[in-house]
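Right, one structure below, let's go through it.
The values are calculated or read from the model by the stated rules, or taken from the named source; none is laboratory data. All figures in this text were calculated on a predicted structure; none of them were measured in a lab. In this analysis, Cβ positions are derived from the backbone assuming ideal geometry, glycine residues included, and neighbour counts consider all displayed protein chains. In case anyone asks, the SASA skips ligands and DNA or RNA and just uses the protein heavy atoms, side chains included. Shrake-Rupley method; radii C 1.70, N 1.55, O 1.52, S 1.80 Å.
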Amino acid sequence: MKLNARQVESAKAKDKPYKLADGGGLYLLVNPNGAKYWRLKYRVAGKEKLLAVGVYPDVPLADARRRRDDAKKVLAAGGDPGQEKQAEKQAKVLAVQNSFEAIAIEWHDHKKGNWSEGYASDILEYLSKDIFPFIGKRAINDIKPAEMLAVLRKMEQRGVLDKLKKTRQACRQIFTHAVITGRAENNPVTDLAGALKAPKQKHFPHLSLDQLPGFLNALNDYSGSMVTRSATRLLMLTGLRTIELRSSEWADIDLEKDLWQIPAELMKMRRPHVVPLSNQVKRLLEEVHQLTGRGKYVFPGRNDAGKPMSEASINQVIKRIGYDGKATGHGFRHTMSTILHEQGYNTAWIETQLAHVDKNSIRGTYNHAQYLDGRREMLQWYADYMEALANGDNVVHGAFGKRA
C-alpha cells in the first residue's frame, strides 16, 4: 500500500530502525533518533542495490517518488542509477576543484615567487574584487569569451584601464595554465584585447639632446647633497631603474672587476642584472664610498642609514635645478636608449643594459655573458659623450667611439 504525506510526517521513532514501504522499491527508513531517510531498492544484473534518495522533510514524499521514477528510467535504459549519482557527485567535486577561482589561486601561488610582494598582492586583489565575484565558482572549462568580455567590461566602464589591462593579462595566463594542465580546452581571453579599451601609454618626461648640456651644467652647480647629486649622475650613466640604484648595497659592487651586480630581488623581472662600470661611473662610486662606504647601502636614507635613499630624492634634485616636469629619474633610460640607438649601437646590447625582458629566458641568460664586453664599450662611449657635453666641448653627435 502506498504511503500518504500524513503517514510520513507522523511516523515515530522506535527502539530499532524500521521501514515504511511506498511501492516500486521506495521506502522510508525511520531511525531510533527520529531521522527519516528515503531509500530505493533495485536490482542490476540480478544483484540487489540500494540508492539514497534523500532526507525527509528536505525531500517530501512527492519528490521522493519523482526521484524513484527517474531512477527507473535509468534502469530501463540499461544504466545504474547508483553509479550515475556517484558520477554526478564526482562531477560537482571536480567543478569546485576546477573552478576559475581555485585554478587562479593555484596559478598565483605558482607565479608569485617571481614577482615582487606588492605586484603579487595587487594581482590577487584585482582578481578578488573584479573577477571572482562573477565567475569564480564557475567550472573554468565552461566559461566562454562573451562571458569574460562582459566581466572585464565592468572594469572598462569604471575607467580603470591600467588595472583592466593587468587583470585581463592575468586571466589570459590563468586560462593558459588550465589548458596546459588539462582542466580547460580553450582560452576565452586570448582575442579580447582588441574588444577592450587600452590604457593611455604613459611617457615619462625625458631630456632631449639639446636639453642635455643645460641639465648637466645645472647638475654640476647643484649645491645640495653630494650623495644625491652623484646618485642622479649614476642613474644617467648606467640606465638603471631608480629602485635598482637606490637599493644597491656596497656588497653588490666590485670596483676591482668594474662590475655592479644588481640582485634578482631588486629587478622588475626578478632576474639578476650586471652593469659594467665606465671610468666615470667608477670614479663617482669611489667618491661616494668615502662618504657611505662604512654602511650597508650605497645610497642610504638621510634620516635612517639602515634604509635606502627615499624614492623622491633624485626627483627632488631634478626639481631643485629647474627641470621639474621636464625630466625624471626613469626618463634617463629613455634618453640613453634614444642616443645609443641613434649612435648605431647593437639593439641587443642596449636592451640588455636596460634590463628589458627577453622573451627567450635562456637567450636572456646567455646575453649577459655574450654582451658584457660590448656593453662595457658602449657605456664608456656614453659616459665620455656626457662628459664632453658637460664640459661644453664642440660635440658632433654620432662621431664618438666605435659602433657595433
I'd like the carbon and sulfur percentage of the solvent accessible area for the range 100-173, probe radius 1.4 Å, heavy atoms only, ligands and nucleic acids excluded. 47 percent
Mind checking which lysines have their Cα closer than 22 Å to the Cα of LYS197? Skip sequence neighbours fewer than 8 apart in that chain. LYS129, LYS144, LYS154, LYS163, LYS165, LYS166
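Where the only charges are on Cβ atoms (+1 Lys, Arg; -1 Asp, Glu), what is the dipole of the range 25-180 about its Cα centre, to the nearest 20 debye?
Details: 29 positive and 19 negative charges, 123 e Å.
That gives a dipole near 580 debye.
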Given unit charges at Cβ for Lys, Arg (+) and Asp, Glu (-), the dipole magnitude of the range 173-320 about its Cα centre in debye, nearest 20, is 400 debye
Unit Cα scatterers, Debye sum, the range 47-133: log10 I(q)/I(0) for q = 0.16, 0.21 Å⁻¹: -0.74, -1.01
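For the range 127-182, what ratio Rg/Rh do Cα atoms give with a Kirkwood hydrodynamic radius? Before the final figure, lay out the partial values.
On the way: Rg = 11.2 Å, Rh = 11.7 Å.
Radius of gyration relative to Kirkwood radius: 0.96.
Translational diffusion coefficient, Stokes-Einstein: compute it for the range 231-362 using the Kirkwood radius over C-alpha pairs as Rh, at 4 °C and 1.567 mPa s, and state it as an integer in µm² s⁻¹. Walk me through the numbers on the way to the answer.
Details: Rh = 15.6 Å.
Using the Kirkwood radius from Cα pairs, D works out to 83 µm²/s.
Quick check on the range 54-197: what does the Kirkwood estimate of hydrodynamic radius come out to from the alpha carbon pairs, in Å?
Values: mean 1/r = 0.0568 Å⁻¹.
Final number for the Kirkwood radius of the range 54-197 is 17.6 Å.
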Return a whole-number percent for the relative contact order of the chain, with Cα pairs under 8 Å and 6 or more residues apart as the contact set. 11 percent
Could you tell me what a quarter of the Cα convex hull surface of the chain works out to, in nm² with one decimal place? 32.3 nm²
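Please compare each pair in LYS19/LYS73; LYS2/LYS41; LYS257/LYS326; LYS112/LYS319 to a cut-off of 27 Å on the Cα-Cα distance and tell me which ones are over it.
Details: LYS19/LYS73 24 Å; LYS2/LYS41 15 Å; LYS257/LYS326 36 Å; LYS112/LYS319 36 Å.
LYS257/LYS326; LYS112/LYS319, as the Cα separations exceed 27 Å there.
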Residues with beta-carbon under 14 Å from that of ARG65, excluding ARG65: net charge, scoring Lys, Arg +1 and Asp, Glu -1? +3
How far is the Cα center of the range 39-70 from the Cα center of the range 96-142, in Å? 40 Å
What percentages, rounded to whole numbers, describe P(r) for the range 18-91 computed over all alpha carbon pairs with 5 Å bin width beginning at zero? 3, 16, 27, 24, 17, 9, 3, 0
Can you tell me which of MET226, MET309, MET336 moves the most in a GNM of the chain? Springs connect C-alpha atoms under 10 Å apart. MET226
Rounded to the nearest whole Å³, what is the per residue volume of the convex hull around the Cα atoms of the range 4-52? 71 Å³
Explain nothing, just the number: dipole magnitude of the chain about its Cα centre with +1 on each Lys and Arg Cβ and -1 on each Asp and Glu Cβ, in debye rounded to the nearest 20. 2720 debye
Isotropically averaged projected area of the range 113-219, using the convex hull of Cα atoms (one quarter of hull area), nm²: 10.2 nm²
Hey, what's the chain come to in accessible area per residue, 1.4 Å probe, Å²? 56 Å²
With the chain treated as a Gaussian network of Cα nodes joined by springs under 10 Å, which of GLY24, GLY224, GLY136 yields the largest mean-square fluctuation? GLY24
At q = 0.25, 0.28, 0.29 Å⁻¹, work out log10 I(q)/I(0) for the range 283-337 with the Debye formula, treating every Cα as an identical point scatterer and leaving solvent out; two decimals please. -1.00, -1.03, -1.04
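Compute and list, largest first, the equivalent-ellipsoid semi-axes of the range 182-232 from the alpha carbon gyration tensor, each √(5λ) rounded to a whole angstrom. Spell out each step's value before the answer.
Details: eigenvalues 471, 55, 14 Å².
Semi-axes, largest first: 49, 17, 8 Å.
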Please identify the DSSP H helices in the chain that span no less than 15 Å along the helix axis (Cα) and have a mean Kyte-Doolittle hydropathy of 0.0 or more. 226-238
CD proxy, 222 nm, the chain: helix-only mean residue ellipticity via -39,500 (n - 2.57) per DSSP H run with n ≥ 4, per residue, nearest 500, stands at -15500 deg cm²/dmol
